[in-house]
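Where a number appears in this text, it was derived from the coordinates with a stated rule and is not lab data. These numbers come from a predicted model, not from an experiment. All Cβ positions, glycine included, derive from the backbone under ideal geometry; neighbour counts span all protein chains shown.
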Amino acid sequence: MEYTRVTHNFPPLFAPDSRVLILGSIPSPKSREQAFFYGHPQNRFWPVLAAVFGEEAPQTIEQKRSLALRHHIAMWDTLAACEIRGASDTSIRNPEPNDLPWLIAQTQVKAIFCTGATSHKYYRKLCQDKTGIEAVCLPSTSPANAAWSKERLIEAYRVIAQAVEENA
């Protein structure tokens, strides 16, 4: 498979009262098609996040947007652009970071969570010095991460709800 130059094609999700920032690596082809986060139907992100907050899994983009903002969560991706093969994070090369300090300045974000090792690796390498906030690496909710059941993911992601509360 050939490398494709991918540029992030939709804005971050945030409100002035966002307290937690969740970062993926770069949007998947499905997410770019929908122009919203975690768009692949098999990705478990939205059902997991909803379960953490005791809610039904959102179905529409508006329901997903509402769930995140209602719980003071901002969302974006670590990378603004890169070269990638398909949706394979492990193939990323020539990464360019998003302007995370700009986003954080618009919010009350005090905690950052990366959804997977690749996002975390690039956050630490390209962004952490500029934000001054250490990120927590959470397991990927991608269907490719079959070693993690939905139940295990929910337990791991509970730290997000704790961070929202701690930063209230």
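The table below lists the values:
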| read-out | value |
| --- | --- |
| Kirkwood hydrodynamic radius over Cα pairs of the chain, then Stokes diffusion coefficient at 10 °C and 1.306 mPa s, in µm²/s | 100 µm²/s |
| Within straight-line cross-link reach of residue 130, lysines at Cα separation under 22 Å, skipping those fewer than 8 residues along the same chain | 110, 121 |
| Kyte-Doolittle mean at least -1.0, axial Cα span of 15 Å or more - DSSP H helices of the chain | 150-166 |
| Among beta bridges that DSSP assigns inside the stretch 14-167, antiparallel share in %, nearest 5 | 25 percent |
| Mean Cα-pair separation over length for the chain, i.e. relative contact order, pairs under 8 Å, 6 or more apart, % | 31 percent |
| Spatial separation of Cα centroids for the stretch 78-96 and the stretch 1-39, in angstrom | 12 Å |
| Total formal charge among the other residues, if their Cβ is under 15 angstrom from that of residue 76, Lys/Arg +1 and Asp/Glu -1 | +2 |
| Residues of the stretch 25-68 with amide N under 17 Å of the 7 Å Cα→Cβ point at residue 158 | 48-55 |
| Cβ-placed point charges (K, R +1; D, E -1), dipole of the stretch 14-167 about Cα centre in debye, nearest 20 | 280 debye |
| Total formal charge among the other residues, if their Cβ is under 15 angstrom from that of residue 121, Lys/Arg +1 and Asp/Glu -1 | -2 |
